[in-house]
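Enquirer: Sharing a structure below in structure tokens format, with a few things to ask.
The values are calculated or read from the model by the stated rules, or taken from the named source; none is laboratory data. The shown structure was predicted, so the numbers you read here are calculated from the model rather than taken from an experiment. Here the Cβ positions follow ideal geometry from the backbone for every residue, glycine too, while neighbour counts run over all protein chains shown.
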Amino acid sequence: MLTPGELLVLGERIVEAGTLVKHPAGVEVIDLGDRTLLPGLIDAHVHLFLHPGAEDLQTVQESVPQRTIIALAAAHDDLMAGFTAERDMGTEGAGSADTAVRNAIDEGLFPGPRLRISGNAIDILGGHEDAIKYNPAQHVLSNATYANNKDELVAAIRQELKEGADFIKIYETGPDTVRNGQLSTIYQYTEAELRVAVEEAARTGKRVAVHATGEPGTLFAARAGVASIDHANQLGDETMRLMREKQIFAVPTFTIFDYFADHAASPEQSERERTMLDLHEKEFRKQIAAGVPMAVGSDVGPFPHGTQAREFVLMVKYGMSPLAVMQADLLNGAKLLGWDGQIGALEKGYLADVIAVAGDPLQDISVLQNVSFVMKGGVVYKK
């Protein structure tokens, strides 16, 4: 993953990598000195349509056009921070507007990461993202798409795919509470319902990712064969075994928990958030020991875009080696986003997504918080 030498880039791809590469006549030479070259970073859990001040997802009030502009600005900030590929985990009420953002970036109209997008996430009536804090007579819309049974799940998935989704995001658990050191969370879909969702997505070559913090929802998701279990605050022994066996990725998203604990509205809320984070840390160490495959995702959006490299620091703090975190990000992230063999390495034939940092992230992972050079697809965006 770390390259001490040189890269030759022609067009959007790397054509040579090593300590001695050809210097064809007329090529531009970019000398980055003693900076460390790395593949572009991957964030497998972002929310481009959210921003600080809208962290209570039920209070997002901007129009969809305004939120789309916000999303384009967020994508720019993430790219400048070195994240050249991301998975947008739901627009939180902006429907399929992320299709337009992805396409605009792909067409070169705006700078941003490569995106896998899900459109609106899918949720049950009265579920995790429903507008449950309001007077029901006001008919405030959910931030997700309703699906209350197998048939409605299939219909919702087909609509999301029609509107351009690359994968399907489903809310499987919530709300969460911690009692006597134990996480308690309500599941939303049965195993049979999730299995139907996974099969319907697979029919068109797509996969399902779930918001799932604890049992039994996480077990249902693992049995159904989802691609990732995001947040994964608590996983039972059988769930961890299945995730290891099926190579289902856990995406811990520590940064969002850390941010909420530090920016809570009251000391009591801060204490609740810190309790949740402490439990998450303990469970994460168990998951590492059990061999659960990990990917890196920050849940950026409620905290400022472009700052999510803190996720690397927290994953090391809570038990992973820097090398393991880099592998989780670059190798597992590429697999999770469906770009295995295309991104995540500086090798011949790979897309020329390249960043540079001062220092060695295998010695100090925090250097990833200060990316000084960004190239995506052979185009330099920052140097």
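Enquirer: Provide a single number: the residues in segment 176-219 that are more than 14 Å from residue 276 (Cβ to Cβ), among the hydroxyl-bearing types (Ser, Thr, Tyr) and either surrounded by 15 or more Cβ atoms within 10 Å (Cβ to Cβ) or at pLDDT below 95 (or both).
Expert: So the answer is 4.
Quick grid of which residues meet (1) of a type in the set (Val, Ile, Thr); (2) more than 16 Å from residue 177 (Cα to Cα):
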residue: 250; (1), (2): no, yes
residue: 279; (1), (2): no, no
residue: 284; (1), (2): no, yes
residue: 292; (1), (2): yes, yes
residue: 296; (1), (2): yes, yes
residue: 299; (1), (2): no, yes
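Enquirer: Look at residue 91 and say whether it is in a loop (DSSP other than H, G, I, E, B), among the hydroxyl-bearing types (Ser, Thr, Tyr) and either farther than 28 Å from residue 361 by Cα or modelled with pLDDT of 95 or more (or both).
Expert: Answer is yes for this residue.
Enquirer: Hey, could you check segment 284-303 for residues that are crowded, with 21+ Cβ neighbours inside 10 Å and not small (Gly, Ala, Ser) and say which is farthest from residue 244 (Cα to Cα)?
Expert: Initial filter on segment 284-303 (crowded, with 21+ Cβ neighbours inside 10 Å): 284, 287, 292, 294-301, 303.
Cutting the leftovers down to not small (Gly, Ala, Ser) gives us 284, 287, 292, 294, 296, 299-300, 303.
Values: 284: 14, 287: 10, 292: 5, 294: 10, 296: 16, 299: 23, 300: 26, 303: 31 Å.
Restricting to residues being crowded, with 21+ Cβ neighbours inside 10 Å and not small (Gly, Ala, Ser), the top hit is 303.
Enquirer: Here's something else I'd like to know. Assuming residue 192 fulfils every condition listed in (1) without any contact (Cβ under 8 Å) to a residue 40 or more places away in the chain; (2) outside any strand (DSSP E or B) apart from one, which condition is it?
Expert: The failed condition is (1).
Enquirer: Look at segment 112-142 and say how many of its residues are under 20 Å from the mean Cα position of the chain (by Cα) and either in a strand (DSSP E or B) or not aliphatic (A, V, I, L, M) (or both). Explain how you work it out, then say what you get.
Expert: Of all residues in segment 112-142, those under 20 Å from the mean Cα position of the chain (by Cα) come to 112-123, 128-129.
If we keep only those that are either in a strand (DSSP E or B) or not aliphatic (A, V, I, L, M) (or both) too, we end up with 112-120, 122-123, 128-129.
Qualifying residue count, segment 112-142: 13.
Enquirer: May I pose another question? Counting just the residues of segment 93-142 that are of a type in the set (S, T, N, Q) and without any contact (Cβ under 8 Å) to a residue 12 or more places away in the chain, which one comes out farthest from residue 165 (Cα to Cα)? It would help to see each step written out before you state the result.
Expert: Residues of segment 93-142 that are of a type in the set (S, T, N, Q), as a first pass: 96, 99, 103, 118, 120, 135, 138, 142.
Keeping just the survivors that are without any contact (Cβ under 8 Å) to a residue 12 or more places away in the chain gives 135, 138.
On the way: 135: 32, 138: 30 Å.
Filtering first and then ranking leaves 135.
Enquirer: Can you find, within segment 220-259, the residue that is farthest from residue 285 (Cα to Cα) among those that are more than 18 Å from the chain's Cα centre (by Cα), of a type outside the set (Gly, Ala, Ser) and surrounded by fewer than 22 Cβ atoms within 10 Å (Cβ to Cβ)?
Expert: Looking at residues that are more than 18 Å from the chain's Cα centre (by Cα), of a type outside the set (Gly, Ala, Ser) and surrounded by fewer than 22 Cβ atoms within 10 Å (Cβ to Cβ), I get 223.
Enquirer: Checking the condition at pLDDT below 95 and assigned to a helix (DSSP H, G or I), which residue from 284, 260 passes?
Expert: 260
Enquirer: Let me ask something else. Of everything in segment 121-165 that's polar (S, T, N, Q) and under 17 Å from residue 200 (Cα atoms), which residue is surrounded by the most Cβ atoms within 10 Å (Cβ to Cβ)?
Expert: The qualifying residue surrounded by the most Cβ atoms within 10 Å (Cβ to Cβ) is 145.
Enquirer: What pairs come up if the first residue lies in segment 69-91 and is at negative phi and without any contact (Cβ under 8 Å) to a residue 40 or more places away in the chain, the second is among the polar types (S, T, N, Q) and surrounded by 24 or more Cβ atoms within 10 Å (Cβ to Cβ), and their beta carbons are under 9 Å apart, counting only those six or more places apart or on different chains?
Expert: Matching pairs, first to second residue: 71/91.
Enquirer: Any residue that is of a type in the set (Ser, Thr, Tyr) and outside any loop (DSSP other than H, G, I, E, B) - is there at least one of those in segment 363-374?
Expert: yes
Enquirer: So, one more: Which of the following residues is modelled with pLDDT under 90 and within 28 Å of residue 217 (Cβ to Cβ): 85, 147, 121, 131?
Expert: On the way: 85 fails: modelled with pLDDT under 90; 147 fails: modelled with pLDDT under 90; 121 fails: modelled with pLDDT under 90.
Among 85, 147, 121, 131, only 131 is modelled with pLDDT under 90 and within 28 Å of residue 217 (Cβ to Cβ).
Enquirer: Also: In segment 82-114, how many residues are surrounded by fewer than 24 Cβ atoms within 10 Å (Cβ to Cβ), hydrophobic (A, V, I, L, M, F, W, C) and touching a Lys or Arg at 6+ places or on another chain (Cβ under 9 Å)?
Expert: Final tally of qualifying residues: 2.
Enquirer: Something else now. Cβ-Cβ under 6 Å, sequence separation 6+ or interchain: first residue in segment 222-246 and at positive phi and touching a residue at least 12 places away in the same chain (Cβ under 8 Å), partner buried (at least 16 other Cβ atoms within 10 Å of the Cβ) and in a strand (DSSP E or B). Which pairs?
Expert: Close Cβ pairs (under 6 Å, with a partner that is buried (at least 16 other Cβ atoms within 10 Å of the Cβ) and in a strand (DSSP E or B)) amount to 232/250.
Enquirer: I need the full set of residues from segment 143-163 which are in a loop (DSSP other than H, G, I, E, B), in contact with a helix residue (DSSP H, G or I) (Cβ under 9 Å, 6 or more places away or on another chain) and either closer than 12 Å to residue 120 by Cβ or of a type in the set (Asp, Glu) (or both), in order please.
Expert: 143, 147, 163
Enquirer: Could you grab me the full set of residues in segment 347-362 that are surrounded by 23 or more Cβ atoms within 10 Å (Cβ to Cβ), among the hydrophobic types (A, V, I, L, M, F, W, C) and in a loop (DSSP other than H, G, I, E, B)?
Expert: 352
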